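Here the structure comes first, spelled out in structure tokens, and everything after it is commentary.
The values are calculated or read from the model by the stated rules, or taken from the named source; none is laboratory data. Just so it is clear, the model here is predicted, and its values are computed rather than measured. Cβ placement follows ideal geometry from the backbone for every residue including glycine, while neighbour counts extend to all protein chains displayed. Ligands, DNA and RNA are excluded from the accessible area calculation, which covers all protein heavy atoms including side chains. Shrake-Rupley method; radii C 1.70, N 1.55, O 1.52, S 1.80 Å.
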Amino acid sequence: MTGYVFRPFDTSHLSLIEKWLNAPHVRKWWGDPGREFEQIKGHLTRSWMECVIVELSGEPFAYIQTYDLDSDPEREWKELPQGARGLDLFIGEAALIGLGHGTAMLRSFSDSLLSRAGVLSVWSDPDPANDASIGAFAAAGFDDMGLREMPWGTVRLMCKAGISSIV
């Protein structure tokens, strides 16, 4: 699948993000829509965050946020190596789930990140019960780095870049 356009997220997308966060298929994995909306809105002012709306055939259907883990003041993933980027995403349009878009856009976006100077690895932390997300990450070239305990709960740590272990 091709044809994804990654557009910078801005205030004009806030109502769309709010709608998507309230959709049952997003809420199931992202939690409280109000809290998540405020966090995403706050990302607009964080220089170390990059947020995008993903379009297919000119229509927005997904959200991705990536962040420079070296610059994150909270740096929850302290054991990760320098040059690491975090990545979170969801498909907002329920009709486009299960069609391979998650894998395809993950592959395209993560490859783009890895082509940037200084980016050595891309990491994500899906819920261990989210088989569809874990499968999409694996099919997009991410390695399963095992379970980790984080302040927000247990996650399955996924990495793309050929790193086979964490210090």
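In table form, for the structure just shown:
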| quantity | calculated |
| --- | --- |
| Answer from R7, R35, R27, R46 - the residue that is assigned to a loop (DSSP other than H, G, I, E, B) and open to solvent by 30 Å² or more (accessible area, probe 1.4 Å) | R46 |
| Residue among R85, R46 that alone is under 12 Å from the mean Cα position of the chain (by Cα) and within 22 Å of V122 (Cβ to Cβ) | R85 |
| Which numbered condition R156 misses (of (1) open to solvent by less than 40 Å² (accessible area, probe 1.4 Å); (2) under 24 Å from K28 (Cβ atoms)) | (1) |
| Residues satisfying the stated conditions in region 88-119, i.e. open to solvent by 40 Å² or more (accessible area, probe 1.4 Å) and touching a strand residue (DSSP E or B) at 6+ places or on another chain (Cβ under 7 Å) | E93, L96, I97, S108, L114 |
| Residues of region 45-61 that turn out to be touching a helix residue (DSSP H, G or I) at 6+ places or on another chain (Cβ under 9 Å) and either of a type in the set (D, E, K, R) or over 22 Å from E93 (Cβ atoms) (or both), as a count | 2 |
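Every residue, every condition in (1) polar (S, T, N, Q); (2) touching a Pro at 6+ places or on another chain (Cβ under 7 Å), yes or no:
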residue: M105; (1), (2): no, no
residue: S108; (1), (2): yes, no
residue: S115; (1), (2): yes, no
residue: G118; (1), (2): no, no
residue: S121; (1), (2): yes, yes
residue: P126; (1), (2): no, no
residue: A136; (1), (2): no, no
residue: A139; (1), (2): no, no
residue: D143; (1), (2): no, no
